[in-house]
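The values are calculated or read from the model by the stated rules, or taken from the named source; none is laboratory data. Bear in mind that the values here come from a model prediction, so they are computed numbers and not experimental data. Heads up, the Cβs are rebuilt from the backbone with ideal geometry, glycines too, and the neighbour counts pull from every protein chain shown. Please note that ligands, DNA and RNA were not included when accessible areas were found on the heavy atoms of the full protein model with its side chains. Shrake-Rupley method; radii C 1.70, N 1.55, O 1.52, S 1.80 Å.
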Amino acid sequence: MKRLSGKDGLLVGFTLFSMFFGAGNLIFPPGIAAQAGTMTWFAVIGLAISAVGLPVLGIIAVARAGGMDQLGQRVHPAFAKVFTIVAYLAIGPCLAIPRTASTSFEMAVPPFVGPDAPIWLFQLIYSVVFFGLALLIALRPEKLTDRLGKILCPILVVLIVVTFAACLLNPLEGYGVPAERWDTPIKAISAGFLDGYQTMDTIAALAFGIVIALNIRARGVTEEKAIVSGTVRSGLMAGAMLLVIYSMLAHIGGISGGAVPNPSDGTEALTNIVPLLFGSVGSVILAAIFVIACFNVCVGLISSCGEYFYGLCPKLSYRGWAILFAVVSMVLANAGLTQILAFSIPVLNIIYPVAIVLILLSFAHSWLQHTPMVYPAAILCTGVVSVLLEVQRLTGTEFLSFLPFSDLGLGWVLPAVIGAVVGVFLPGRKKAN
């Protein structure tokens with residue numbers, strides 16, 4: 001049985017990291033640190049759990065289950081179909097793909113044009129070029145390892161390391177005073193965990209398995225066990241890289257918050273600090289980091305969504321699906337980053353807890369095969385409470401404030417546990433697959 005070689009495994013790991021590391025991954029670590037100040041490393045613990053640990057577990061869970069659909073089947077066939085489609089649309093043309101172009105545009109174009117420039121026209125031209133190039137590469141998904149893993153990923157990592165090294169050599173003012181949301185270790189950890197949702201990586205992890213397996217097969221590995229093993233190794237490698245890069249970005253953001261307090265988000269935190277470190281060249285470095293990171297993720301998401309929906313509806317070719325997603329994403333990208341982020345928060349607050357519970361249950365699957373109602377009961381309780389918690393947040397009411405951890409945004413945890421326990425005692429008609 002041929003296994004993935006060490007060199008090929010490294011390249012596939014780089015490819016997966018490139019597919020993960022995009023707009024949210026750049027924005028949220030420095031933004032979190034700039035607000036958390038001296039509590040930065042507690043916030044990083046929370047971020048690492050939701051934006052590193054859970055995505056790695058997601059990659060492993062999907063690899064072991066044989067795909068995202070198969071994982072969802074353990075709840076119910078209808079759930080598998082609906083949740084998988086919603087997840088792919090969320091990380092695809094509805095949220096994540098448009099965000100890659102919006103974020104990279106805001107860092108790459110406005111800083112270099114005058115205040116009277118027609119930004120809307122520049123954004124339209126940029127999005128056409130951005131999605132056109134991304135589509136060109138995505139049309140050959142089995143070649144992503146050669147194009148992302150070998151070329152763009154190393155360039156991106158070098159640029160981030162150079163920025164981090166500059167912060168070490170020129171620490172400026174040090175970390176700032178933490179904002180109220182981050183002013184204790186527990187609050188900082190929980191806030192970092194919740195903000196990690198915005199990277200969308202746990203949802204993306206459930207989807208990327210298709211393309212990673214395709215790239216592993218392209219390296220000559222054909223047996224299913226070896227493909228699963230290679231996918232797991234790639235997930236662990238990508239997770240390690242994410243943790244290191246997040247830590248670097250958090251330090252950069254912490255220094256930025258100390259030098260220029262109270263940035264509105266991570267984009268502003270990076271925009272504040274990089275010119276202080278590199279002068280006028282800093283804007284060019286920052287633009288390159290954002291464009292490469294967002295471009296990599298855009299390619300990976302178009303490929304993953306195209307592969308899934310082609311399998312779901314083969315009447316339209318993979319090429320057709322990829323073109324459709326690129327065009328729809330280009331249109332939505334011109335709505336602007338602020339609108340995309342505002343829309344993404346309610347969606348992610350609802351589907352993220354469901355994805356987390358599904359992934360965690362998969363690691364107890366060998367004990368749950370004779371209690372198949374654990375999956376549907378736990379997911380039902382998690383989903384219903386997540387929707388109600390989001391309604392509570394949007395309406396400003398507190399009708400679920402009695403739930404433990406609700407003040408930390410984790411009110412779904414106890415209902416998920418209760419659902420799982422109740423599911424143990426419910427009769428099931430068939431075993432979980």
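Select from region 20-53 the residues that are at pLDDT below 80 and in a helix (DSSP H, G or I) and list them in ascending order.
A23, G24
Please count how many residues of region 135-161 are part of a helix (DSSP H, G or I) and either open to solvent by 70 Å² or more (accessible area, probe 1.4 Å) or among the basic types (K, R) (or both).
Going through region 135-161, the residues part of a helix (DSSP H, G or I) turn out to be 135-138, 141-161.
Pick out the ones that are also either open to solvent by 70 Å² or more (accessible area, probe 1.4 Å) or among the basic types (K, R) (or both) and you get 136, 143, 147, 150-151, 155, 158.
Residues meeting the conditions: 7.
If D69 meets every condition in (1) open to solvent by less than 30 Å² (accessible area, probe 1.4 Å); (2) under 20 Å from G306 (Cα atoms); (3) not basic (K, R) apart from one, which number is that one?
The failed condition is (1).
Are any of the residues in region 112-134 open to solvent by 50 Å² or more (accessible area, probe 1.4 Å), in contact with a Lys or Arg (Cβ under 9 Å, 6 or more places away or on another chain) and without any contact (Cβ under 8 Å) to a residue 60 or more places away in the chain? Lay out the reasoning, then the answer.
If we filter region 112-134 for residues that are open to solvent by 50 Å² or more (accessible area, probe 1.4 Å), which is where we start, we get 112, 115-116, 118-122, 124-125, 128-129, 133.
When the remaining residues are screened for being in contact with a Lys or Arg (Cβ under 9 Å, 6 or more places away or on another chain), the result is none.
No, region 112-134 contains no residue that is open to solvent by 50 Å² or more (accessible area, probe 1.4 Å), in contact with a Lys or Arg (Cβ under 9 Å, 6 or more places away or on another chain) and without any contact (Cβ under 8 Å) to a residue 60 or more places away in the chain.
When you go through S283, S256, S247 one by one, which is the residue that is hydroxyl-bearing (S, T, Y), in contact (Cβ under 8 Å) with a residue 12 or more places away in the chain and either crowded, with 24+ Cβ neighbours inside 10 Å or on the phi > 0 side of the Ramachandran plot (or both)?
S256
Kindly check whether there is at least one residue in region 87-99 that is aromatic (F, W, Y) and touching a helix residue (DSSP H, G or I) at 6+ places or on another chain (Cβ under 7 Å).
Yes; the residues of region 87-99 include at least one that is aromatic (F, W, Y) and touching a helix residue (DSSP H, G or I) at 6+ places or on another chain (Cβ under 7 Å).
Are any of the residues in region 227-235 crowded, with 24+ Cβ neighbours inside 10 Å, within 17 Å of L10 (Cα to Cα) and among the aliphatic types (A, V, I, L, M)?
no
Against the definition (within 26 Å of L332 (Cβ to Cβ) and open to solvent by 60 Å² or more (accessible area, probe 1.4 Å)), how does L95 come out, yes or no?
So L95 fails the test.
Which of the residues spanning region 405-421 are touching a Gly at 6+ places or on another chain (Cβ under 9 Å) and among the polar types (S, T, N, Q)?
Result: no residue meets the conditions.
May I ask you to say which residue of S366, S317 is at pLDDT below 85 and surrounded by fewer than 18 Cβ atoms within 10 Å (Cβ to Cβ)?
Just one listed residue meets the conditions, S366.
With the requirement that a residue be in contact (Cβ under 8 Å) with a residue 40 or more places away in the chain, more than 26 Å from P93 (Cα to Cα) and aliphatic (A, V, I, L, M), what does region 135-167 give you?
Within region 135-167, I155, V157, L159, I160, V161, V162, A166 qualify.
Looking only at region 334-383, count how many residues are out of contact with any helix residue (DSSP H, G or I) (no Cβ under 8 Å at 6 or more places or on another chain), of a type in the set (F, W, Y) and under 21 Å from A191 (Cα atoms).
1
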